[in-house]
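Have a look at the structure below, then the notes.
The values are calculated or read from the model by the stated rules, or taken from the named source; none is laboratory data. The structure displayed is predicted, hence computed values, not measured ones. Every residue, glycine among them, receives a Cβ derived from its backbone with ideal geometry; neighbour counts consider all protein chains shown.
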Amino acid sequence: MSFFEALKLAFASILGHKLRSFLTLLGVIFGVATVIVVVSLIEGFNAYVDEKIANIGTNAFSVQRFSIEDFSSVEALNAARRRNKDVDINDLQALKGRGGFIKDAGGKSGSMADIKFGDKSLLSVQVKATTPNIEEIEKIEMSQGRYFSNAEEEARKFVCVIGSETAEKLFPTGNPLGQTIKVDGRVFQVIGVGKELGSAFGQTRDMYVSMPLSTFLSIYGTRRSISISVASTTPETYEDALEEARTLMRVRRKLEPSERDTFGIVTPKAINELRDKIFGTIQVAAIGVTSISLLVGGIVIMNIMLVSVTERTKEIGIRKSIGARQGDVLKQFLAESTTLAMIGGAIGVAIAYSIAKLVAVAFSIPTALPLVWVTIALFVSSSVGLISGVYPAWKAAKLDPIEALRAE
């Protein structure tokens, strides 16, 4: 019996018992759909981290009070609070004037504030305070106007750049450029509108107001830790710039060689390693738990195939009496169980894809479904069907044709 003939017989049997075939597939469909939904959410989050969170800037890393490792536990964070010192403007100036493998350094800080324009008010809006060169380091794009200049930074000018959603809410019909808004009661002139960033995990990234770092510190106080974005001269000198920044910060803090850093350096690699550590474990655990339903689905397929062998005993006897070999009968039933499970896997993938897209639209949660996982899902489901069908197929192949023909 050829492979295509076995496949044809398998489809004929499945279509001949549609309801039974569907009920048989429920375990496989549920298992595959659950696994794919979990994978889709995790892969979407990983892609988001790669594209947005870990994208600190071109050839850039961040020097700040805490490192990624400091957030590994409550004890580690409390120890870092006692040990680490604030990163301040003097550190920024030292890194900016370092030269060598460090191309540039820009400062950042932030808070929350109430924004008002006329009779319109926005409560608890994110305030981003940066030096002008952050625009270049982090590749900030504008949809209208411009970013603030070095002269405005030095003069502590009350100018600001607002997010696209902030502009839409405060100026639904008018041009925001040149208008004045109040940030916590202080008057700022709008000189630019940032390019739309969209939302992530249900949270908008376009509701903000940016101002010069010097202006921010003059309003909210200088006794706070800032974050410093440092850019290397080239991608090849990235590690050298990293070491140069660490050495400079250690010298400024008068640390002995045996002492730990009293500051943190955050790189895209460190963020990705933390992500992989957390979500790698979650992914393995989630896939392991949801795969139990695939095992249940395999058992159901085996039971139904055994019932099918019993129902078709006479058919098997006729086939063997007219020349079908044991291998032909074995191939027929294995093809049927494998095809059954593969159809279940395909339905499960389609359902999971639809659910993932619905979640992405409804909750603004990023999702992604790599082709490799679709292939793995179909391979696993068909393997479950193949393994589950071995015993029923072997039992069918071993039937004595004379005894089979006597069956009612």
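Per-structure values
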| quantity | calculated |
| --- | --- |
| Positions within the range 147-182 being closer than 25 Å to Ser229 by Cα and either assigned to a strand (DSSP E or B) or outside the structural domain of Ala113 (by TED's automatic domain parsing) (or both), in sequence order | Val159, Cys160, Val161, Ile162 |
| Residue in the range 351-361 that is surrounded by fewer than 16 Cβ atoms within 10 Å (Cβ to Cβ), under 20 Å from the mean Cα position of the chain (by Cα) and at pLDDT below 80 present | yes |
| Where a residue in the range 120-145 is assigned by TED's automatic domain parsing to the domain that holds Phe171 and touching a residue at least 12 places away in the same chain (Cβ under 8 Å) and its partner, wherever it lies, is among the basic types (Lys, Arg) and surrounded by 19 or more Cβ atoms within 10 Å (Cβ to Cβ), with Cβ under 8 Å and at least six apart | Lys128/Lys108; Ala129/Lys108; Thr130/Lys108; Thr131/Lys108; Ile134/Lys108 |
| Search result, residues across the range 267-295 that are over 30 Å from Asn59 (Cα atoms) and among the hydroxyl-bearing types (Ser, Thr, Tyr) | Thr290, Ser291, Ser293 |
| Odd one out for Arg250 among (1) of a type outside the set (S, T, N, Q); (2) under 25 Å from Arg82 (Cβ atoms); (3) modelled with pLDDT of 95 or more | (3) |
| Looking only at the range 106-141, and only at residues there that are of a type in the set (A, V, I, L, M) and touching a helix residue (DSSP H, G or I) at 6+ places or on another chain (Cβ under 8 Å), the one that is nearest to Gly194 (Cα to Cα) | Ile140 |
| One residue from Phe188, Phe201 being among the aromatic types (Phe, Trp, Tyr), out of contact with any Ser or Thr (no Cβ under 6 Å at 6 or more places or on another chain), in the same structural domain as Met112 (by TED's automatic domain parsing) and modelled with pLDDT under 90 | Phe201 |
| Selected residue (only one of Ile301, Ile347, Ile318 is β-branched (Val, Ile, Thr) and at pLDDT below 75) | Ile318 |
| Residues satisfying the stated conditions in the range 253-281, i.e. at pLDDT 80 or above and among the polar types (S, T, N, Q) | Ser258, Thr262, Thr267 |
| Qualifying positions in the range 89-147 - β-branched (Val, Ile, Thr) and more than 27 Å from the chain's Cα centre (by Cα) | Ile89, Ile102, Ile115, Thr130, Thr131 |
| Residue ID - surrounded by the fewest Cβ atoms within 10 Å (Cβ to Cβ), chosen from residues in the range 151-186 that are aliphatic (A, V, I, L, M) and out of contact with any Leu (no Cβ under 9 Å at 6 or more places or on another chain) | Ala151 |
| Hits in the range 90-125 - residues which are surrounded by fewer than 17 Cβ atoms within 10 Å (Cβ to Cβ), closer than 18 Å to Thr247 by Cα and touching a strand residue (DSSP E or B) at 6+ places or on another chain (Cβ under 7 Å) | none |
| Ile29 being modelled with pLDDT of 80 or more, more than 22 Å from Thr281 (Cα to Cα) and not assigned by TED's automatic domain parsing to the domain that holds Arg83 | yes |
| Candidate set from the range 362-396 (those that are under 30 Å from Gly198 (Cα atoms) and of a type in the set (Ser, Thr, Tyr)); member that is modelled with the lowest pLDDT | Ser364 |
